[in-house]
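The values are calculated or read from the model by the stated rules, or taken from the named source; none is laboratory data. Only a predicted model underlies this, so the values are computations on that prediction, with no experimental measurement involved. Cβ placement follows ideal geometry from the backbone for every residue including glycine, while neighbour counts extend to all protein chains displayed. Areas reflect the complete protein model, heavy atoms only, side chains present, ligands, DNA and RNA absent. Shrake-Rupley method; radii C 1.70, N 1.55, O 1.52, S 1.80 Å.
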Amino acid sequence: MNITRKSFLSLASLAMLFAAGCTAHTDEQPQDTSAATSPEPAVNLSEFKALELRRDGWKFDKVHNCFYQLAVPYCLHPASKTYGSLSIYVPGTYFLAKKKGDLWQCTTREDAQLGDYTPQTAPIVMPLNSAFFTPQACPNVYEYEGMRRYLQAGMIYVYPGFRGRSSGFESDKKEVFSGGAPWGIVDLKSAIRFLRYNSSVLPANTDNIFTLSYGAGATMSSVLGASGDSELYSAYLKKVGAATHDGQGKTISDKIAGCALWCPLLDADLGNCAYEWMMGQFVTDESRKSNSFKKQLSLDLAQEYALRLNDLGLCDDQNERLLLSKLDDGSYCDGSYYNYVMKTLTDAATNFITHTQFPYIQTPSRLIEPSFPGNLNQKQEKSSAKGQPSAESSQDASAKKKDDKAQTTDAAQASEQSSSGVSKVQGISYETPASYLAALNSDTRWITYSSSKGTVSISNLWDFVKHYKVPNKAVCAFDALDKSTPSNQLFGIDNESTLHFDAHIAHVLTEHQDAYKKDSTFDSKLVDAFNQDLEKKDALGSTQQTRINALNPLYNLCGSSEGFGKAQVAPFWRINTGLMQQASPLTTELNLVAALKHYDGVKDVQFTPVWDKGFELAEIKGHPQDNAIQWIGACIKQLVSLQEQQKQKAEEQDQNADQNDSDQSDS
C-alpha cells in the first residue's frame, strides 16, 4: 500500500510513533490494487454485462460537435433512477461515428487530438454540486453551453447523480430508499467503477478521473480522493451492484487521480470540537451566553479538540509535530499547531494586501447552487426531493437571516449570480490598503501591515475571529443538541431521519454533566440521547462511528487511524477556501493538507486560503473553473511523464534481465 511512516503498523504503540516523529514525504507512486500480480479469482465474467455502455447509443449535437448519453444507470441495483445514473459528454473529435436511425455508433479515433489531449490521455471530470449534502440528480435533458470550457479543452465531462443526506422515494414508487452517510460516497464510487468497466468504449484514460466540488460536495470529494478501494464500502457497493471486475475478470478500482476542493464543509469526526476551538470559544452570543452550560460546553469542546488533535500525529513541512499547548487561562491557544493556523492567516492577508489593486471594492457574496454545469433538470430534482427536509437547518436559516440583515443592499433586488456560484451584492470601496485595514481595526487594532517588510501581522486568533470570522452556528455546530442540522440528517437512519453522531460531544456531556446541571436550562436527558443514538446501526449493520469513518478522509490518511494505509489515495489535490466563510472552521482544510503532505504517493497538494472571500469558489485571481482546468492539465502532464519514466524503467529492467540470462548462458 502507498503509505508513509511505513514502520507504523509494526510499532508496538502510538507512543513510539509519536516519539519517532514524522517521516518525510517520498516520491513513491501509489500501488495499483487493480493490477495485482496474483492470479485473478474465478468470477462470473458476464456478471456486470448489463452495465455495458452502448457503442450505438450516442446522441449527437452537430452544432457543437458533442456526443452524449443521458441518464445511464451505473450499477445493477440503483436505489433511485434519479440519483443512480450518470450522463456523459464527449468531444466529437475523439469519435469515428456512423448514424443508425436517431442514434450514432461510435468508435474511438485513436489518432485524434484536441488541445493537449488524445484519447489515450484525456481526463474525465466529475462535478459534485452539493453544498449541504443535498442529492444530485442526473441530467435527463441536454445542453452544451455550460460544459463548453471542459469539452473544448479536450476533457470528457461526466455528471453523476448521487443520494443526499436524507432517505427519499421515487415518484412512481412507494418504498423509501436509504440516504445519508455513506450512500452518496457509495453512489459516486459505483459511477467511477462504471466508467472503468466501460473504458474500452470511452475515448479517455479512465485512470485520470478528477472531481470538482465545494462545500459538502468537497467533503465527499476529499473522501473519494482518500479512500480508493477501501474495504470500508464493500458491503454497500455489493448492495447496489457496483462493478467489481471487468469482462476479463480484472479487478476494477474506484480510486481517482485528483480532487479540486473549495471550502470543504464537514470534518465528520472532529468538526464540532474544531468549530468551538477555532471560533466558538472566543465569542459570547445567543448560543454561548455567559455563565450558561452552553458557554462551558463550548470551552470544553475546544479543549477536547486540542486533546484529540494532539493524538492525530500531524506534522508541518519540516516534519515537526503539530501540537496545541495549554495557556495559564486554560485555553489551548499555543504551540506549533496554533502557529500553523496563525501563519496561514497572516500569509493569506499579506498576499491580499501586497497583490490587490486598490481602489478595491469589497463585495459581500453568498453561495448559490449549483456552481458547476450539468444540473439541467431542476424541476425533476425538486419533484423527486418532495418530502425531504429543507436544505437549511433551523440553525443555518437563523444565521442566514442575521447575515442578510447586515447587508446594506437587498440581495433579492441587487444580486447577480456569478460564475463562482455566488450571488453578489453592492460592495464597499476602499481607496488604499490603509483605509481597508482601518475599517477592520474600527474598534480594536488587531491587524497591521508593514510596507517596508511587506508583511501583515495579526494579533491573535481571538481578535481574528471576533472581527473577521464570527461564528454563525450554535454550539455543537454540526451535531446540534436538538438534532436540527443537515449533518444530523446525514447520520439519520431511514425512518429515524435525524440522529446524534458525535462521540466527542457525548463524552464531554457525560464527563461534565454535573457541572452543567448548575444551569437550569440543561436537560440531563441529552446525555442518554447522544449515547443511545451512537449505539444505533444502519441497515447493513454499520455503527455511527463506522459511518463517520466512511465520511472522514483523515481516517485513511493519519497514522493514528485504523484505516491508515488501507486505501489508494489520489496523487493530486487542489484545495481553496475563503477565510471569511463561517460555515466551518479552517482546521478542516489545514488538517487535510498536513496529512496529505506526508502521505506517500501524493505528488502535489496546492492549498490556497483566500483572504476576503467567503463560502464560494474562492480564488485569488482568475475564473475558478478555468483555473481548475489548467490545474488538471498540469496534473496530466506529470502523470504522462511518470508513466513514461515507469515504462522506461521497466524496459531497462527487462534488458538487464536478458543480459543476465545471456551472461549465465555464456558461463
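Yes or no, residue by residue, for (1) surrounded by fewer than 23 Cβ atoms within 10 Å (Cβ to Cβ); (2) in contact (Cβ under 8 Å) with a residue 40 or more places away in the chain; (3) β-branched (V, I, T); (4) out of contact with any Gly (no Cβ under 8 Å at 6 or more places or on another chain):
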{"site": "V569", "(1), (2), (3), (4)": "no, yes, yes, no"}
{"site": "W573", "(1), (2), (3), (4)": "no, yes, no, no"}
{"site": "A583", "(1), (2), (3), (4)": "no, yes, no, no"}
{"site": "F615", "(1), (2), (3), (4)": "no, yes, no, no"}
{"site": "I620", "(1), (2), (3), (4)": "yes, yes, yes, yes"}
{"site": "Q630", "(1), (2), (3), (4)": "yes, no, no, yes"}
{"site": "E644", "(1), (2), (3), (4)": "yes, no, no, yes"}
{"site": "K647", "(1), (2), (3), (4)": "yes, no, no, yes"}
{"site": "E652", "(1), (2), (3), (4)": "yes, no, no, yes"}
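In the condition set (1) under 27 Å from S213 (Cβ atoms); (2) in contact with a Phe, Trp or Tyr (Cβ under 6 Å, 6 or more places away or on another chain); (3) of a type outside the set (S, T, N, Q); (4) assigned to a strand (DSSP E or B), A79 is compliant with all but (4). The condition (being modelled with pLDDT of 95 or more and farther than 29 Å from D538 by Cα) is satisfied by just one residue among T206, T211: T206. Of S435, S459, S450, all but one fail to be open to solvent by 60 Å² or more (accessible area, probe 1.4 Å), at pLDDT 95 or above and of a type in the set (S, T, Y); the exception is S459. Restricting attention to the stretch 99-124, the residues that are without any contact (Cβ under 8 Å) to a residue 40 or more places away in the chain and farther than 15 Å from I156 by Cβ total 4. Within the stretch 207-264, the residues that satisfy the criterion of being of a type in the set (S, T, N, Q) and more than 22 Å from G164 (Cα to Cα) are N208, T244, Q248, T251, S253.
For beta carbons closer than 9 Å, sequence separation of 6+ or different chains, a first residue in the stretch 68-89 that is of a type in the set (D, E, K, R) and a second that is at pLDDT 95 or above and not in a loop (DSSP other than H, G, I, E, B), the qualifying pairs are K81/A71; K81/P73. Residue pairs whose Cβ atoms lie under 7 Å apart, sitting 6 or more positions apart in sequence or on different chains, and linking a residue in the stretch 487-499 that is open to solvent by 20 Å² or more (accessible area, probe 1.4 Å) to a partner that is not in a loop (DSSP other than H, G, I, E, B), are D494/V176; S497/Q489; T498/N488; T498/Q489. Against the numbered list (1) modelled with pLDDT of 95 or more; (2) surrounded by fewer than 24 Cβ atoms within 10 Å (Cβ to Cβ), Y599 comes up short only at (2). So I505 ticks every box in (1) at pLDDT 95 or above; (2) surrounded by fewer than 18 Cβ atoms within 10 Å (Cβ to Cβ) but one. Which box is left unticked? For I505, the failing item is (2).
Only one residue in S325, S298, S287, S292 is touching a Gly at 6+ places or on another chain (Cβ under 6 Å), open to solvent by 10 Å² or more (accessible area, probe 1.4 Å) and either under 27 Å from Y516 (Cα atoms) or at pLDDT below 95 (or both), so which one is that? Exactly one residue qualifies, and that residue is S325. Beta carbons closer than 8 Å, at least 6 apart along the sequence or on distinct chains, pair a first residue in the stretch 437-461 that is at positive phi with a second that is open to solvent by 50 Å² or more (accessible area, probe 1.4 Å) and not acidic (D, E) for G454/T354.
Exactly one residue among E511, E535 is acidic (D, E) and either surrounded by 15 or more Cβ atoms within 10 Å (Cβ to Cβ) or under 30 Å from I185 (Cβ atoms) (or both), and that residue is E535.
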